[in-house]
Amino acid sequence: MNIHEYQAKELLDKYGVANSSGGVASTPEEAEKIATSLAGKNLVVKAQVHAGGRGKGSFKNGFKGGVHLCKTPAEARDLASKMLGQTLVTHQTGEAGRLVSKVLVAESVEIEKELYIAMLIDRATSAPVVVASTEGGMDIEAVAEKTPEKIHHIAIDPLLGLQPYQSRKLAKLLGIPAALLKPACALFENLYRLFIACDCSMVEVNPLVITKSGDIRALDAKFNFDDNALFRHPDILAYRDITEEDPREVEASKSNLNYIGLDGNIACLVNGAGLAMATMDIIKHCGGEPANFLDVGGGANEQQVTEAFKILISDKKVKAILVNIFGGIMKCDIIAQGIINASKAVSLPIPLVVRLEGTNVDAGRKLLAESGLELTTATDIADAAKKVVAAAA
Amino acid sequence: MSILVDKNTRLLVQGITGKSGGFHAKSCMDYGTHVVAGVTPGRGGETFESKVPVYDTVMEARTQTGCNATMIFVPPPGAADSILEAIDAGIELVVCITEGIPVIDMMRVKAALQKSSSRLIGPNCPGIITPGACKIGIMPGYIHNPGKVGVVSRSGTLTYEAVWQLSSRGHGQSTCVGIGGDPINGTSHLDVVKMFNDDPNTEAFIMIGEIGGSAEEEAAEWIGKNCKKPVAGFIAGATAPPGRRMGHAGAIVSGGQGTAQGKIEALQAAGIEVAATPADMADALLRRIKRG
């Protein structure tokens with residue numbers, strides 16, 4: 001799940017991680033009010049969408065740039081009025097762009113030095129690790145590739161957490177001056193507290209800045225949350241903005257289906273994440289392009305299968321559907337009944353290839369055969385992939 | 001012989017009175033697994049299927065029945081606690097089926113495991129089966145046949161697929177281990193690979209992996225240097241878009257790490273016959289055996 005910049009700022013504030021002062025506005029008047037409260041400071045007005053590349057993006061109304069500097073509340077109001085309610089197109093949004101319904105109005109600080117710090121769970125050691133670099137404000141992957149010696153890693157004991165001496169070590173690795181040692185360590189410790197308390201899988205501060213006025217601040221923070229832990233964070237779950245998500249995925253999540261939209265024209269409905277990935281792979285191997293990843297899981301009921309089918313059919317790019325089920329917990333007759341129900345609810349306009357194997361396979365095949373549905377059956381996964389690719393061509 | 005589980009395994013089921021816990025406990029019993037106890041806090045004193053005693057705590061179950069393995073069906077909020085309880089009671093083999101345990105909880109479980117003598121399989125896994133002897137998990141028992149091929153995988157349904165291909169070509173399995181699709185798990189590919197290498201009843205094995213992490217690469221490196229048995233492999237997720245979690249919490253390519261291509265190259269470099277498609281897993285092993 002992704003969150004907006006202003007929501008990230010709220011989390012930083014909540015855990016006492018120093019960042020830039022400001023607030024979020026839904027109207028030009030609110031933007032003016034926030035700017036007034038920051039009286040005398042240089043300001044920045046930023047369109048709130050999940051996509052990157054906002055600064056270089058442009059609005060469909062012709063206004064250029066989703067990030068602007070200004071000095072007065074009147075200017076902030078004017079900028080907000082040009083962004084709010086408008087659609088911003090950046091290199092990450094695609095042509096459709098994203099509707100801007102909020103802007104962040106914040107103090108624009110003068111930067112002395114840009115640094116980088118991230119915290120994540122390292123799979124190899126099953127423990128948190130802090131990644132830090134003096135090369136802030138840049139693409140960290142490029143830094144890691146060109147100058148790996150400028151990336152520092154500090155391993156954290158999961159039972160002890162980040163210790164004060166480790167914060168001091170981090171500060172030294174980042175070349176933070178003695179006068180800023182205490183506020184820097186406080187920032188690291190508060191960030192770690194946030195990281196653990198909110199079940200983040202990663203938090204990345206880029207840049208972490210030393211300002212010309214001698215402060216240290218987290219200027220931009222990106223969060224990744226562990227989806228498995230959201231059940232205990234209703235406050236973070238409330239940050240979800242479904243207008244930023246693929247509508248097919250939003251629909252699927254309502255039925256607790258594991259769906260990821262892709263760009264191809266062969267839809268697939270599979271049980272199990274591994275088999276679902278492998279089904280996409282074999283479609284590609286046979287010369288087709290998968291339209292989605294869809295794992296209906298082990299415990300899906302007829303209703304969920306029906307919903308899954310409706311989502312697949314609603315995708316206008318889809319030219320054929322492949323159902324690939326190896327029943328373990330999932331029973332083949334449940335899948336068969338779901339397919340029959342869905343095709344009663346919405347007429348099936350495109351070819352359907354079905355491969356069933358495993359638990360209750362005979363009952364499932366019998367249901368499909370007696371349903372009168374027009375479909376192609378396949379004997380195994382390779383046969384199924386060949387048939388569906390041929391059907392979509 | 002086999003690895004981890006056999007006729008002598010005495011199984012406890014944590015969460016035995018729940019819907020899926022009960023369903024799968026019964027299906028394991030039907031397969032012939034010795035289910036000797038269940039645990040559901042607050043339900044101690046009841047019996048399951050009128051013969052399996054239910055206890056409030058794992059320690060009681062251990063003391064009363066001498067169970068030496070446990071299968072956990074407790075929902076995610078309490079699952080890590082259930083694993084810790086099993087470790088504390090000294091249960092040798094802990095198989096956690098539960099999907100959706102927070103990573104931070106598993107990080108703490110992992111730290112506790114390292115100080116114990118228990119082995120954890122999973123979480124988010126189908127379990128483990130030695131065909132004809134013992135099934136602990138949710139896999140359909142009837143597709144398996146006793147034999148000499150081992151299977152280790154992060155994915156449940158891909159394991160079934162491989163087993164199905166092996167069985168329909170006349171090859172039975174020694175033991176099939178689903179290690180689970182989470183980023184932090186109890187037992188790695190490498191752990192199971194070493195056990196297969198040492199098991200006299202396993203003559204060859206299939207290692208199934210997927211995008212994310214580097215566990216497959218580590219196992220492949222060890223196989224290249226130390227393994228004397230024929231190995232085939234398959235890696236799922238070559239077409240997965242980077243940065244997206246593909247169903248399994250651990251199946252994600254991030255920062256160019258954990259790609260299918262990188263894993264396939266590591267497997268090939270270790271002399272493992274890599275299946276081109278998921279339909280080719282058993283045939284890939286047969287090719288590898290033929291190659292000698």
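When shorter helices are ignored and each DSSP H run of at least 4 residues is given -39500 (n - 2.57), the per-residue value for chain B at 222 nm works out to -10500 deg cm²/dmol. Which of the residue pairs A:K150/B:K225; A:K254/A:K366; B:K7/B:K51; A:K254/A:K344; A:K146/A:K182 have a Cα-Cα distance greater than 24 Å in the structure shown? Pairs exceeding the cut-off: A:K150/B:K225; A:K254/A:K366; A:K146/A:K182. What you get for the protein assembly as shown, charging only the Cβ of Lys and Arg (+1) and of Asp and Glu (-1), is a dipole of about 440 debye around the Cα centre. Here r is the Cβ-Cβ distance between A:D380 and A:D263 and R0 is 30 Å; the resulting FRET efficiency, rounded to 0.05, is 0.65. Against chain A, whose longest principal axis is taken from its Cα atoms, helix A:302-314 shows a tilt of about 80°. Peptides B:74-80, A:58-64, B:180-186 ranked from most to least packed, by the mean per-residue count of other Cβ atoms within 10 Å: B:180-186, B:74-80, A:58-64. Of the residues B:L113, B:L166, B:L11, the one that moves most in a GNM of chain B with alpha-carbon contacts below 10 Å is B:L113. Structure remark: mean-square fluctuation, Gaussian network model of chain A, C-alpha springs under 10 Å; the largest value among A:A39, A:A221, A:A51 belongs to A:A39. Each 5 Å bin from zero up to the one holding the largest Cα-Cα distance in the range A:235-393 carries the following percent of pairs: 2, 10, 20, 24, 22, 13, 5, 3, 2, 0. The distance between label points at A:A238 and A:A155 comes to 4.0 nm (points 7 Å beyond Cα on the Cα→Cβ vector). Take each residue of peptide B:275-285, count the partner chain Cβ atoms within 10 Å of its Cβ, and average: the result is 4. Tell me whether the range B:237-283 comes out rounded, prolate or oblate; compute the Cα gyration tensor, take square roots of the eigenvalues as a ≥ b ≥ c, and use a/c under 1.5 as the rounded threshold. The shape class here is oblate.
Each listed q (0.17 Å⁻¹) maps to a log10 I(q)/I(0) for the range A:120-252 from the Debye sum over equal C-alpha point scatterers, namely -1.02. With each label modelled as a point 7 angstrom along the Cα→C-beta vector, the A:S21-A:H91 pair spans 3.6 nm.
Could you tell me the calculated FRET efficiency between A:A142 and A:K316, based on Cβ-Cβ distance and R0 = 45 angstrom, to the nearest 0.05? The computed FRET efficiency comes out at 0.75.
Distances longer than 22 Å among the Cα atoms of the range A:98-190: what percent of all pairs is that? For the range A:98-190, the fraction of Cα-Cα distances above 22 Å is 40 percent. Label the range A:1-128 by shape, choosing from rounded, prolate and oblate, from the square roots a ≥ b ≥ c of the eigenvalues of the Cα gyration tensor; if a/c is under 1.5 it is rounded, and otherwise prolate applies when a/b is larger than b/c, oblate when it is not. In terms of gyration-tensor shape, oblate. Straight-line reach from B:K135: taking Cα to Cα under 13 Å and skipping same-chain neighbours fewer than 8 places apart, the aspartates and glutamates in range are B:D6, B:D30.
Counted over all Cα-Cα pairs of the protein assembly as shown, pairs farther apart than 46 Å make up 24 percent. Overall size of chain A from C-alpha positions, given as principal axis extents largest first: 78, 50, 38 Å. Report summary: the helix-based calculation at 222 nm, which adds -39500 (n - 2.57) for every DSSP H run with n ≥ 4 and divides by the residues of chain A, gives -10500 deg cm²/dmol. Each peptide among A:151-162, A:334-345 gets the average number of other Cβ atoms lying within 10 Å of its residues, and from highest to lowest they stand as A:334-345, A:151-162. Summing Cβ point charges (Lys, Arg +1; Asp, Glu -1) relative to the Cα centre of the range B:63-160 gives a dipole of roughly 360 debye. Between A:V354, A:V346, A:V131, which gets the highest mean-square fluctuation from a Gaussian network model of chain A, Cα cutoff 10 Å? Among A:V354, A:V346, A:V131, the largest mean-square fluctuation in the Gaussian network model of chain A belongs to A:V346. Counting Cβ atoms of other protein chains within 10 Å of each Cβ in B:101-113 and taking the mean gives 6. When a/c is below 1.5 the answer is rounded, else prolate if a/b is larger than b/c, else oblate, so apply that to the range B:1-135 with a ≥ b ≥ c taken from the square roots of the Cα gyration tensor eigenvalues. Rounded, since a/c falls under 1.5.
Computed over neighbours whose Cβ is under 13 Å from that of B:G237, the net charge equals +1, Lys and Arg +1, Asp and Glu -1. With R₀ fixed at 22 Å, the C-beta to C-beta distance from A:E370 to A:Q303 puts the FRET efficiency at about 0.55. In the range A:309-329, which residues have a backbone nitrogen under 16 Å from the label point lying 7 Å from A:D227's Cα in the Cα-to-Cβ direction? It comes to no residues whatsoever. The value of relative contact order for chain B, using C-alpha pairs under 8 Å at least six residues apart, is 14 percent. Could you work out how far helix A:164-173 tilts from the main Cα principal axis of chain A, as a 0 to 90 degree angle to the nearest 10? The angle comes out near 80 degrees.
Count Lys and Arg as plus one, Asp and Glu as minus one, and take only other residues whose Cβ is under 12 Å from that of B:L267; the net charge is then -4. Computed from Cα atoms, the angle from the helix A:5-14 axis to the main principal axis of chain A rounds to 60 degrees.
Between the amide H of B:T259 and those of B:G212, distances stay under 5 Å, these residues lying 5 or more places away or on another chain, with hydrogens modeled in the peptide plane. Using a simple spin-label model with pseudo-atoms 7 Å out from Cα toward Cβ, A:N256 and A:Y165 lie 4.8 nm apart. Under 16 Å of direct C-alpha separation, and excluding same-chain neighbours fewer than eight residues apart, A:K33 reaches these lysines: A:K41, A:K46, A:K71, A:K102.
Averaged over the residues of A:352-360, the number of partner chain Cβ atoms lying within 10 Å of the residue Cβ comes to 2.
Taken together, the values in this text are just the output of simple stated rules run on the coordinates, not laboratory data. A quick note: this is a predicted structure, and the numbers were derived from the prediction, not measured. Using ideal geometry, Cβ is built from the backbone for each residue, glycine included, and neighbour counts are taken over all protein chains shown.
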